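Coordinate-derived values only; no laboratory data. Here the structure is a predicted model, which means the values were calculated and not measured. Don't worry about glycine lacking a Cβ; one is built from the backbone with ideal geometry, like all the others, and counts go over all protein chains shown.
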Amino acid sequence: MYAFILPGFLFFVVFRYLPLLGNVVAFEDYSPYLGFFNSRWVGLDNFAALFTNPAVGNALLNTLIINGLQILCYFPATIGLALLLNSLISVPLKRVIQSIVYLPYFIGWVVLVSVWASVLGGDGLLNHILGNWGLPPVNLMRNPAAFKPMMVLQYLFKNVGWGTIIFLAAISKIEPYLYEAAVVDGAGPWQRLWHVTLPGIRGIAVLLLILNLGNVLTTGFEQILLQEPAVGAQAGDVLDTFVYFQGILAGNWGLSAAVGLCKGVFGTVLIILANKVAHLLGEQGVF
């Protein structure tokens with residue numbers, strides 16, 4: 001058993017725990033040519049610059065809005081889709097629908113964004129339809145006001161089908177005698193849903209919510225990076241792209257590391273608080 005655990009353990013050690021030592025960059029005027037030990041120590045200067053840089057505030061606001069909308073929409077969508085799939089009586093039909101809704105998860109963001117651009121872009125299918133109807137063209141892919149809702153819709157399109165797997169598994173673990181007892185007591189379909197199914201999957205929903213809160217400051221980097229140039233930094237810049245542009249492209253490694261360190265601390269605090277609230281509500285939580 002320990003031999004089977006070892007590869008996963010080494011993965012987390014090499015790619016999760018050892019990189020934590022690199023957080024020292026947040027306290028240095030780091031240069032890759034000088035290394036960790038020879039770069040000039042600046043203390044909290046990078047954090048002072050972080051909290052006074054207006055670009056960081058803009059990226060933080062965009063990140064919170066996009067992630068907040070994604071969390072608010074993701075759970076109702078995945079739970080609702082899982083309930084609909086579970087209600088299907090025909091097994092072949094259920095498998096076909098499952099395959100269709102799972103498929104976008106395996107499509108890369110480059111392909112997915114290209115598909116959306118071919119439909120909603122300036123020369124996309126939508127504008128051809130509007131032109132045939134004599135209506136003025138629109139370019140939703142370059143509309144800053146539509147950027148955040150577009151990111152949420154793309155996220156749901158890609159991930160909702162895959163997320164239903166967990167809730168379908170949770171529904172399958174609900175004991176059948178609970179439904180039988182509810183039917184005997186005269187409960188209708190909606191009452192069985194409200195009093196049996198939803199309480200049966202509440203624990204896993206709380207667990208996933210806690211884990212998602214830990215990543216509330218982490219947005220899909222590739223998704224945003226591919227589409228931000230079309231709308232500008234004011235509407236599309238998030239913390240992940242800010243770190244990329246400031247750290248890798250501009251060479252401001254210290255400020256970027258400070259952003260990453262703050263993200264990790266804030267996410268950890270959120271997980272601990274959410275886990276505590278889950279315990280108060282009678283759920284097991286994460287730990």
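Data overview
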item: Rounded if a/c under 1.5, otherwise prolate or oblate - the chain, Cα gyration tensor axes; result: oblate
item: Fully extended contour minus Cα-Cα distance, from Ile174 to Ile65, at 0.36 nm per residue; result: 35.7 nm
item: Listed peptides 70-82, 154-166 by packing density, highest first (mean Cβ within 10 Å); result: 154-166, 70-82
item: Count, lysine Cα pairs under 22 Å in the chain, 8 or more residues apart or across chains; result: 5
item: Tilt relative to the chain, helix 144-172 - C-alpha long axis, 0 to 90 degrees, to 10; result: 50 degrees
item: Surrounding net charge for Leu225, when Lys and Arg each add one and Asp and Glu each subtract one, Cβ distance under 14 Å; result: -4
item: Percentage relative contact order, the chain, counting C-alpha pairs under 8 Å, at least six apart; result: 27 percent
item: At most 11 other Cβ within 10 Å, DSSP loop - chymotrypsin sites (Phe, Trp or Tyr not before Pro), the range 1-51; result: Tyr33
item: HN-Hα J in Hz across the range 27-42 - Karplus 6.51, -1.76, 1.60, θ = phi - 60°, x for Gly and Pro; result: 10, 10, 8, 6, 10, x, 6, 9, x, 5, 7, 9, 5, 6, 7, 10
item: Anisotropy class of the range 91-142 from Cα gyration tensor, a/c 1.5 cut; result: oblate
item: Between the range 91-165 and the range 32-58, the Cα center-to-center distance that results, in Å; result: 39 Å
item: Highest-MSF residue in the chain out of Asn86, Asn38, Asn143 [GNM, Cα springs under 10 Å]; result: Asn38
